[in-house]
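**Student:** Following this message is one structure expressed as structure tokens.
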Amino acid sequence: MTVKTGIVEHLGEKAVLVPDLLTAALQANDRAKLRMTVLQEAVAHARHPETGVRSLAGEFRAAGLDDSLFEESVREARLLPGGAVLVPGAAQLVAGLHADIGEMIAPLDAVGDAATEGFAARLGQLRLGDLSGDHVGDAEIALLTSAQREGGDTAHLLVMDLHKALNRLSAEIAVETLAGAHVLHIAPEDRPRIRAFMRGVDRTRGLAFGHPGLGTTAARNGARLIIQNDIGTTDAHVIIVTVEAGVVTITYTDVHLRRAKFFVGLFDSWKMEWASLAERKARGLADDAAFFLVTGSYASRDEADCQAFLEYLGSRLVFLIDWNKARKALQPFVSKGDAVRLLQRGAAEEYGHRGFLELGGAELLFDAIQRSAEGRIPYGTRLDTALGASQAYDLLARVMRLSSNGLAQHRSARLLRDEVRAELTQCVVSVEREILDIVLRQLGLARGLASMIQEAVSDEHGLDREAAGRLSQRAKHLEAKADALALRAREMAEGPMGRGLRYLPVVNGVEDAIDELEEAAFVLSIAPEHVATAAIARPLGDLSRTAVECCSGLVRAVAAALQVPAGNRRDMADALEGIEDAVQAEKLADTAQRAAMAGFIADIDSARTLTVGVETARAIENSTDHIARAALVLRRCVLDEQAPVARG
């Protein structure tokens, strides 16, 4: 008896086991007869050693028995003084025979056959368990192998009678196949319900990708339809569904508590009533381990609702196969909770986890990290630590979906592994892309502030105190926004992965440039009224225009750099050209500042006006210095980004 059979018996639903029990009983019949044949052959060889040993290899293979063990029993048999025979392994032969006879009785017991009690009593009276050791006398040989009824009951006679009863049972139950399920003794109203359940099973069966399981048996027991599915190959993993008076009752057992809870959660969208999880034990489980049992019921509104629920139930079973294995494969990369949520999402969106496991599971991801993110993700760092919990979760969900869909479309495993590597690469570079996006926003603020200063000092009517005050307030507001952006970029760049650190000098450089421009706006706001003269306004206008050009060059460079990881050479060229424009603009700003200083000294007599001009020019030119330095850092990053591409 298998562990699963024992579990189903424990749950009290033997009827659904009959087809499998009957098949196993007929196989046990073959084994029992072969064991008796081996014993007869051993006795014959012991008494007539001059005769050769007949080969039974074909029979052994057909019965699924170890031929070497039984060949030794025959070949090494020896006649002992007094007529007894030494048969090596005789005790094992007898124990196996006893078990085979018990297995032949099982299907008769399951259907409540009237002959069951008599067969069980005969087996008990034979007292096969009392035969131990490898010495076999004439009485024991007769008890085991005689086919003569005059001498009393024997194991051989019992096997013969059981075989006849099994043949009768086979004819009576007339097992048929309905939509892929083995069914017996069902009522007409059961058929559409079984078909509905099998529609669900078949809809998602392909997501098992060849894993054994999902065999379904159905039977009627009184007023109840009983459906049993073997799910997979795990011990004590059993589901029994009964339908009676429109109420569908699920009895589910599992050795894994987490998977049992996961199973219950699959029905959150249905109004089910669940009993508490209970711990049970059954014969056959390793080390007397426990299994967990849970029952739930669904009261359907009508027949259509009943069939809809059965179809949904059938479609969920594939997501239980290798569930614990998949959970363990995901946990090196995300938290335990996220691992379970990934499996829940795979079930909800019907791509599952078996495809992910078929491609290697955890090894698939370890290989992708080694090949595509080595040096970017520190060794031993979990994905949710390196990428952030949300991004790691989304990445693994995409990998699971990609694996399942790709295998379903019969795409090569090698191609799918390459696509997983590409997904990981995109996630790694996305942190840097987000930082560059922030730099673009910073540069937008810097260029806007430089433009406002240019516009203010270029007014032919001059810069009045009120306008200068508004400019300063606006500049202060823009600086605060820039500071918040820089803080966010630093938090991202300085995370555990540290991949964005190389762009941090760019962030800091643009932030410093904005600080200088805000300083320039402030100095203008405190200038005396009479500073609005052509002598000071024109040089500052030329200088601030150059600052705008410097910012614009870096804007073009960063926008192009965002595309560089894709390997587009034109984007790299655009990035380098924008960087060069920013650097050249800084040189022009340096020249413009010196020209402005010379003009101020030559044309302005007021110390206050001269101070305003000099300090404003200095701040504007300093802003271009920071932008140029940021541009050079970006240049190094862009070239480094292309180095792996060139090596590949």
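The values are calculated or read from the model by the stated rules, or taken from the named source; none is laboratory data. Owing to the predicted nature of the structure, the values given are computational and were not obtained by experimental measurement. Backbone-built Cβ (ideal geometry, glycine too); neighbour counts: all protein chains shown. Calculation scope for accessible area: heavy atoms of the full protein, side chains included, ligands and nucleic acids excluded. Shrake-Rupley method; radii C 1.70, N 1.55, O 1.52, S 1.80 Å.
**Student:** Taking the range 115-152 on its own, how many of its residues are within 23 Å of residue 77 (Cα to Cα), without any contact (Cβ under 8 Å) to a residue 60 or more places away in the chain and not small (Gly, Ala, Ser)?
**Tutor:** Total satisfying the criteria: 8.
**Student:** Ok, one more. Within the range 327-345, how many residues turn out to be closer than 15 Å to residue 260 by Cα and open to solvent by less than 10 Å² (accessible area, probe 1.4 Å)?
**Tutor:** 1
**Student:** Quick check on my filter: what residues within the range 559-573 are at pLDDT 85 or above and over 17 Å from residue 506 (Cβ atoms)?
**Tutor:** 573, the sole residue that qualifies.
**Student:** Only one of (1) open to solvent by 70 Å² or more (accessible area, probe 1.4 Å); (2) in contact (Cβ under 8 Å) with a residue 40 or more places away in the chain fails for residue 178. Which number is that?
**Tutor:** Checking residue 178 against (1) open to solvent by 70 Å² or more (accessible area, probe 1.4 Å); (2) in contact (Cβ under 8 Å) with a residue 40 or more places away in the chain, the one that fails is (1).
**Student:** In addition: Of 404, 451, which residue is touching a residue at least 12 places away in the same chain (Cβ under 8 Å), buried (at least 23 other Cβ atoms within 10 Å of the Cβ), in a helix (DSSP H, G or I) and not aliphatic (A, V, I, L, M)?
**Tutor:** 404
**Student:** I would also like to ask the following. Cβ contacts < 9 Å: first residue at pLDDT 90 or above, restricted to the range 604-620; second residue assigned to a loop (DSSP other than H, G, I, E, B), any location; separation 6+ or different chain. Result?
**Tutor:** As it stands, the answer is 616/527, since those pairs meet every condition given.
**Student:** When you look at residue 343, is it under 12 Å from residue 326 (Cβ atoms) and in contact (Cβ under 8 Å) with a residue 24 or more places away in the chain, yes or no?
**Tutor:** Spelling it out, residue 343 is indeed under 12 Å from residue 326 (Cβ atoms) and in contact (Cβ under 8 Å) with a residue 24 or more places away in the chain.
**Student:** Examine the range 204-226 for a residue that is surrounded by fewer than 15 Cβ atoms within 10 Å (Cβ to Cβ) and closer than 26 Å to residue 352 by Cβ, and state whether such a residue exists.
**Tutor:** Yes, the range 204-226 contains a residue that is surrounded by fewer than 15 Cβ atoms within 10 Å (Cβ to Cβ) and closer than 26 Å to residue 352 by Cβ.
**Student:** So in the range 88-137, with the set limited to residues that are touching a Lys or Arg at 6+ places or on another chain (Cβ under 6 Å) and among the aliphatic types (A, V, I, L, M), which one is surrounded by the most Cβ atoms within 10 Å (Cβ to Cβ)?
**Tutor:** The residue in question is 97.
**Student:** Here's another thing I want to ask about it. With the condition being modelled with pLDDT of 80 or more, I'd like the helices (runs of 4 or more DSSP H) fully within the range 1-92 carrying at least 1 qualifying residues.
**Tutor:** Per the criteria, 18-47, 67-75.
**Student:** Now a separate question. Can you tell me which residues in the range 571-625 are of a type in the set (D, E, K, R), closer than 17 Å to residue 527 by Cβ and surrounded by fewer than 16 Cβ atoms within 10 Å (Cβ to Cβ)?
**Tutor:** 603, 605, 608
**Student:** Is it the case, given these coordinates, that residue 42 is free of Cβ contacts under 8 Å to residues at least 40 places away in the same chain and of a type in the set (Gly, Ala, Ser)?
**Tutor:** Considered against the rule, which asks whether it is free of Cβ contacts under 8 Å to residues at least 40 places away in the same chain and of a type in the set (Gly, Ala, Ser), residue 42 comes out as no.
**Student:** Restricting the range 251-272 to residues that are in a strand (DSSP E or B) and in contact with a helix residue (DSSP H, G or I) (Cβ under 7 Å, 6 or more places away or on another chain), which is surrounded by the most Cβ atoms within 10 Å (Cβ to Cβ)?
**Tutor:** 254
**Student:** Output the number of the condition that residue 348 fails; it satisfies all remaining conditions of (1) hydrophobic (A, V, I, L, M, F, W, C); (2) open to solvent by 40 Å² or more (accessible area, probe 1.4 Å); (3) modelled with pLDDT under 95.
**Tutor:** Going through the list (1) hydrophobic (A, V, I, L, M, F, W, C); (2) open to solvent by 40 Å² or more (accessible area, probe 1.4 Å); (3) modelled with pLDDT under 95, residue 348 breaks only (3).
**Student:** For the range 368-401, which positions are of a type in the set (Lys, Arg), at pLDDT below 95 and either under 12 Å from the mean Cα position of the chain (by Cα) or surrounded by 16 or more Cβ atoms within 10 Å (Cβ to Cβ) (or both)?
**Tutor:** Passing the criteria: 376, 382.
**Student:** Considering only the range 423-447, state which residues are open to solvent by 30 Å² or more (accessible area, probe 1.4 Å) and modelled with pLDDT of 85 or more.
**Tutor:** Those that are open to solvent by 30 Å² or more (accessible area, probe 1.4 Å) and modelled with pLDDT of 85 or more: 423, 437, 440, 441, 444, 447.
**Student:** Checking the condition of a type in the set (A, V, I, L, M) and closer than 17 Å to residue 300 by Cβ, which residue from 196, 219 passes?
**Tutor:** Only one candidate qualifies: 196.
**Student:** Across the range 273-299, what is the total count of residues that are at pLDDT 90 or above and either closer than 24 Å to residue 325 by Cα or open to solvent by less than 30 Å² (accessible area, probe 1.4 Å) (or both)?
**Tutor:** 2
**Student:** Which residues, counting only those in the range 143-169, are within 21 Å of residue 104 (Cα to Cα), part of a helix (DSSP H, G or I) and small (Gly, Ala, Ser)?
**Tutor:** Result: 155, 165.
**Student:** Filter the range 346-369 down to residues that are touching a residue at least 60 places away in the same chain (Cβ under 8 Å) and either of a type in the set (Asp, Glu) or in a loop (DSSP other than H, G, I, E, B) (or both), then give me how many there are.
**Tutor:** Counting residues in the range 346-369 that are touching a residue at least 60 places away in the same chain (Cβ under 8 Å) and either of a type in the set (Asp, Glu) or in a loop (DSSP other than H, G, I, E, B) (or both) gives 5.
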